[in-house]
Amino acid sequence: MTAAGRALPEGRYGRQRPARSRRMVATLTACGLVVGVVVAYVGYRNLGTSSVDAERTAFSSQPGNRMKMTITVTRDTPEKAAVCVVRVRGADGQENGRKEVYVPPGGASVQVSTVVRGTTEPVTADVFGCSYQVPAYLSTAQPPTG
């Protein structure tokens, strides 16, 4: 029966869906939207704009395929330690050395110097990226073993 009280011809329109089926579709759609919002939020937090930024301010060649570089690290939460990955490149433009640099808690903008060893003679150095996710082996006073 329709809302007007007349019965629809059965063979012409097919069977009507029960109301329970419509509720199931609405519930699944709502769940899908919630999952989509959660995935978008997690992606933004992990892959969104970084709150730690670094800029190479100086670099100079050292003997033995090494390069000394200085970076200026700017962060929005200076009381948190950070880690920056720096690298050196050879004359062919290929990366030939990489190092993680621990940036201790301190001011909003700090300078850090390090020496990176390359497999061939490096001609330039740059910052690959920075993060607040400091590995445990960098945040301790013990030198690495092995």
Can you confirm whether region 65-83 contains a residue that is more than 17 Å from Val112 (Cα to Cα) and of a type in the set (A, V, I, L, M)?
no
Can you pull out every residue in region 51-70 that is under 20 Å from the mean Cα position of the chain (by Cα) and buried (at least 16 other Cβ atoms within 10 Å of the Cβ)?
Val52, Asp53, Ala54
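No value in this document is a laboratory result; all are computed from the given coordinates. None of these values were measured; they are calculated from a predicted model. Neighbour counts run over all protein chains shown; Cβ positions are idealised from the backbone, glycine included.
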